[in-house]
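Participant: One structure coming up, written as structure tokens, with questions to follow.
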Amino acid sequence: MREIILSFITLLMLNLSSPTNAQDSLLQKSRVIDINGQSIEFPSTSGLNTVLVFLSPECPLSQNYTRTLNELNGEFQNEVKFIGIIPGRAYSLAEINTFIKEYKIGFIIVGDTARQISAHYTATVTPEVLVLDKKGKIRYRGAIDNWAFALGKTRTVATRFYLRDALFSLTHGQMVVQEVTRPVGCLINDY
């Protein structure tokens, strides 16, 4: 099993662009420093597309969607880099580590303690996803699928697979048909 990197942002911003249009905003040449003092390029310039997924260890929808996210991470591992972002200061390292282990999260998790990434991308709930192309342009933002259609209300099974469809289109050189959906989840805050 591949190693999971847990990092908290202690520094963000070498050149944080201020978006004029949230749909087309780019976060360019920025770095985060993890708790071990290692610099991580954000978003990745590894030549891969990137999925940013905003998560909360105690949000039931974040918990429920970890399996789907892990499956998509495996399915697209050669073409897409998944980065989980935990916004705010509400969770200790121990709580985040427990979340990672309990739900067997197989992708990088970054703590956004100052909520700079969340604010830059105007993320409002967990789980909420953004798909960035290789140049960092947002190609999709919103819900993972339509299983949850309102807080506390879910379908028996999902019938629309927004994130999977966006990733398939992007990795096959096609236009992403549905670029925006309304995410359903727990509000991002520091309670």
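Quick note: the coordinates plus some simple rules give every number you see, no bench work behind them. Just so it is clear, the model here is predicted, and its values are computed rather than measured. Every residue, glycine as well, gets a Cβ built from its backbone with ideal geometry; the counts of neighbours run over all protein chains shown.
Participant: Can you give me the number of residues within the range 152-168 that are surrounded by 13 or more Cβ atoms within 10 Å (Cβ to Cβ) and either in contact with a strand residue (DSSP E or B) (Cβ under 7 Å, 6 or more places away or on another chain) or part of a loop (DSSP other than H, G, I, E, B) (or both)?
Facilitator: 8
Participant: Which residue is surrounded by the most Cβ atoms within 10 Å (Cβ to Cβ), if the candidates are limited to the range 45-103 and must be touching a helix residue (DSSP H, G or I) at 6+ places or on another chain (Cβ under 9 Å), among the hydroxyl-bearing types (Ser, Thr, Tyr) and free of Cβ contacts under 8 Å to residues at least 40 places away in the same chain?
Facilitator: Selected residue: THR66.
Participant: For the range 109-131, check the following and say yes or no: at least one residue is assigned to a helix (DSSP H, G or I), under 13 Å from VAL53 (Cβ atoms), under 14 Å from the mean Cα position of the chain (by Cα) and not charged (D, E, K, R).
Facilitator: Checked the range 109-131: at least one residue is assigned to a helix (DSSP H, G or I), under 13 Å from VAL53 (Cβ atoms), under 14 Å from the mean Cα position of the chain (by Cα) and not charged (D, E, K, R).
Participant: What are the residues in the range 177-191 that are assigned to a loop (DSSP other than H, G, I, E, B), among the aliphatic types (A, V, I, L, M) and touching a residue at least 24 places away in the same chain (Cβ under 8 Å), if any?
Facilitator: Selection gives VAL184, ILE188.
Participant: Right, another one. Looking only at the range 162-176, count every residue that is under 13 Å from VAL131 (Cα atoms) and without any contact (Cβ under 8 Å) to a residue 60 or more places away in the chain and tell me the total.
Facilitator: Selection size over the range 162-176: 7.
Participant: Output the residues belonging to the range 172-191 that are surrounded by 16 or more Cβ atoms within 10 Å (Cβ to Cβ) and either farther than 18 Å from THR122 by Cβ or of a type in the set (S, T, N, Q) (or both).
Facilitator: Within the range 172-191, VAL176, THR181 qualify.
Participant: Could you count how many residues in the range 80-99 are part of a helix (DSSP H, G or I) and either closer than 16 Å to VAL125 by Cβ or within 12 Å of the chain's Cα centre (by Cα) (or both)?
Facilitator: 0
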